[in-house]
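Colleague: Got a structure for you, questions after.
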Amino acid sequence: MLKEPLFKISSLQHEENVINAILEIDELNEIFAGHFPDRPVVPGACMLQVVKEVLASALNKPLRLVKADNIKFLSLIEPSSQTLQLSIAYQLIDSDIKIAASLMAGEVVCMKLSGIFQKVIS
């Protein structure tokens, strides 16, 4: 799980197939030593993972990303960013959870994701 300690959820609202979360970044997290030492940024894989974790937490289901129709990394996220806003709109279609998510730092859109998650069956 990446949301903690890399990300901390300071606020989470879940209403009518929309999840909005405010995230704080731990700018001292060891991941930034390797990504990248001279100019640390949040790795794209971590952005995708936090979408999955927030969605799974809000729906109270273990999930996996099965299809990413569209992923756009639009702006770098530096660890010194004060807060991030994550918005996830979703639809339940049979066993699929179709989502449209965006991650923003202030007014700047950093990542957009359209994809499909499914419940992990153990």
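The values are calculated or read from the model by the stated rules, or taken from the named source; none is laboratory data. Values in this document were obtained by computation on a predicted structure and should not be read as measured data. Cβ atoms come from the backbone with ideal geometry, glycine included; neighbour counts cover every protein chain shown.
Colleague: Is there any pair linking a residue in the stretch 105-118 that is in contact (Cβ under 8 Å) with a residue 24 or more places away in the chain and surrounded by 16 or more Cβ atoms within 10 Å (Cβ to Cβ) to one that is in a loop (DSSP other than H, G, I, E, B) and β-branched (Val, Ile, Thr), with Cβ under 6 Å and at least six apart or on different chains, and which?
Modeller: Partner pairs satisfying both residue conditions: 105/77; 110/77.
Colleague: Conditions first: (1) under 17 Å from residue 106 (Cα atoms); (2) at pLDDT 95 or above; (3) outside any helix (DSSP H, G or I). Residue 71 passes all but one, so which condition is the exception?
Modeller: With (1) under 17 Å from residue 106 (Cα atoms); (2) at pLDDT 95 or above; (3) outside any helix (DSSP H, G or I) applied to residue 71, the lone miss is (1).
Colleague: Looking only at the stretch 71-94, count how many residues are out of contact with any strand residue (DSSP E or B) (no Cβ under 6 Å at 6 or more places or on another chain) and either farther than 21 Å from residue 11 by Cα or aromatic (Phe, Trp, Tyr) (or both).
Modeller: Of the residues in the stretch 71-94, 4 are out of contact with any strand residue (DSSP E or B) (no Cβ under 6 Å at 6 or more places or on another chain) and either farther than 21 Å from residue 11 by Cα or aromatic (Phe, Trp, Tyr) (or both).
Colleague: Now for a separate question. Is it true that some residue in the stretch 42-57 is over 22 Å from residue 73 (Cβ atoms), of a type outside the set (Asp, Glu) and buried (at least 16 other Cβ atoms within 10 Å of the Cβ)?
Modeller: The answer is yes, given that some residue of the stretch 42-57 is over 22 Å from residue 73 (Cβ atoms), of a type outside the set (Asp, Glu) and buried (at least 16 other Cβ atoms within 10 Å of the Cβ).
Colleague: Would you be able to tell me the number of residues in the stretch 25-53 that are out of contact with any Lys or Arg (no Cβ under 7 Å at 6 or more places or on another chain), hydrophobic (A, V, I, L, M, F, W, C) and closer than 21 Å to residue 65 by Cβ?
Modeller: Count: 7.
Colleague: Oh, and also: Do we find that residue 21 is free of Cβ contacts under 8 Å to residues at least 40 places away in the same chain and under 12 Å from the mean Cα position of the chain (by Cα) in this structure?
Modeller: So residue 21 does not fit the description; no.
Colleague: For the stretch 1-58, which residues satisfy the criterion of being assigned to a strand (DSSP E or B) and among the aromatic types (Phe, Trp, Tyr)?
Modeller: Selection gives 7 alone.
Colleague: Then there's this: Pick from the stretch 74-104 the residues that are surrounded by 16 or more Cβ atoms within 10 Å (Cβ to Cβ) and touching a Cys at 6+ places or on another chain (Cβ under 7 Å): which of them is nearest to residue 33 (Cα to Cα)?
Modeller: Applying the filter and picking the extreme gives 77.
Colleague: Inspect the stretch 27-38 for any residue being of a type in the set (Val, Ile, Thr) and buried (at least 18 other Cβ atoms within 10 Å of the Cβ) and give the result as yes or no.
Modeller: No, the conditions are met nowhere in the stretch 27-38.
Colleague: Exactly one condition in (1) more than 17 Å from residue 110 (Cα to Cα); (2) touching a Phe, Trp or Tyr at 6+ places or on another chain (Cβ under 8 Å); (3) modelled with pLDDT of 95 or more; (4) not small (Gly, Ala, Ser) is false for residue 52; which is it?
Modeller: Only one criterion is unmet by residue 52, namely (1).
Colleague: Examine the stretch 83-91 for a residue that is without any contact (Cβ under 8 Å) to a residue 24 or more places away in the chain, of a type in the set (Ser, Thr, Tyr) and either closer than 25 Å to residue 119 by Cα or part of a loop (DSSP other than H, G, I, E, B) (or both), and state whether such a residue exists.
Modeller: Looking for residues that are without any contact (Cβ under 8 Å) to a residue 24 or more places away in the chain, of a type in the set (Ser, Thr, Tyr) and either closer than 25 Å to residue 119 by Cα or part of a loop (DSSP other than H, G, I, E, B) (or both), one finds none in the stretch 83-91, hence no.
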